[in-house]
1. Suppose the chain between Ser34 and Glu143 were pulled fully straight at 0.36 nm per residue; how much longer would it get relative to their current alpha carbon spacing?
2. Kindly write out, for the range 17-24 in residue order, the coupling ³J(HN,Hα) from the Karplus curve 6.51 cos²θ - 1.76 cosθ + 1.60 (θ = phi - 60°), rounded to whole Hz, with x marking Gly and Pro.
3. Expressed as a whole percentage, what fraction of the accessible surface of the range 25-130 belongs to carbon and sulfur atoms when a 1.4 Å probe is rolled over the protein heavy atoms?
4. Roughly how many nanometres apart are two label points built 7 Å out from the Cα toward the Cβ at His97 and Thr23?
5. Suppose all protein chains stay in the model; what accessible area per residue would a 1.4 Å probe give for the range 17-157, in Å²?
6. Over all directions, how big on average is the projection of the convex hull of the alpha-carbon atoms in the range 17-157, in square nanometres?
7. In nm, to one decimal, how far is the modelled label at Glu115 from the one at Val153, with both set 7 Å along Cα→Cβ?
8. So what's the angle, to the nearest 10 degrees on a 0 to 90 scale, between helix 33-43 and the longest Cα principal axis of the chain?
Amino acid sequence: MSHARTEAPPQAPPPPQSIIGRTLPPFRTTPERSQLQFFAQVIGETDPVYSDVEAARAVGHPDLLVPPTFFFSLELRRPDSHVLIDELGFDRRQFLHGEERFRYHALAFAGEELELAAEYTDCYEKRGGALTFIVRRTTVRREGVLIAELSNVLAIRQLEIRS
């Protein structure tokens, strides 16, 4: 007697709004001097506290100062940073960078271990579903002390409108 195998029909991805309130595991990373120096060069930052250790120490910093927008670069190091968005069935080729916002509470320096924790805080659509916007808020802490809060918006173009 043969048993016919039946495959379950593919399940539709959950609605995009189901991502609200979900979190990514915290991860730790350390900004390195060479990364900070390269970043400062790329963005045209000429203040030596971002590229010259002696200049940074001369003004009382323990090491190179982390440039304000560099925190977003640290967020990009997160392993599987889009795992929850992938669950929604979006095609990464349709991702567009929407917006970034930063709120600073303290300075950060090269060589310090920082912990980044992220939560998805909003999801909304525009143009009849042709664009989906997903908002992620990330906190940056050093030894438990809040250093910065980041908010970034991922815009996703839909080539086909989801029903």
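1. Gain in length upon complete extension: 37.0 nm.
2. 5, 5, 7, 4, x, 7, 10, 9
3. 49 percent
4. About 2.7 nm separates the two model spin labels.
5. That works out to 53 Å² per residue.
6. Average projection, Cα convex hull of the range 17-157: 9.1 nm².
7. Each label point is offset 7 Å from its Cα along the Cβ direction, giving 3.0 nm.
8. Its long axis makes an angle of about 80 degrees.
The values are calculated or read from the model by the stated rules, or taken from the named source; none is laboratory data. Note that the structure is a prediction, hence the values are computed from the model and not measured. FYI the Cβ positions are ideal-geometry reconstructions off the backbone, even for glycines, and counts take in every protein chain you see. These area figures cover heavy atoms from the full protein model, side chains too; ligands, DNA and RNA do not enter into them. Shrake-Rupley method; radii C 1.70, N 1.55, O 1.52, S 1.80 Å.
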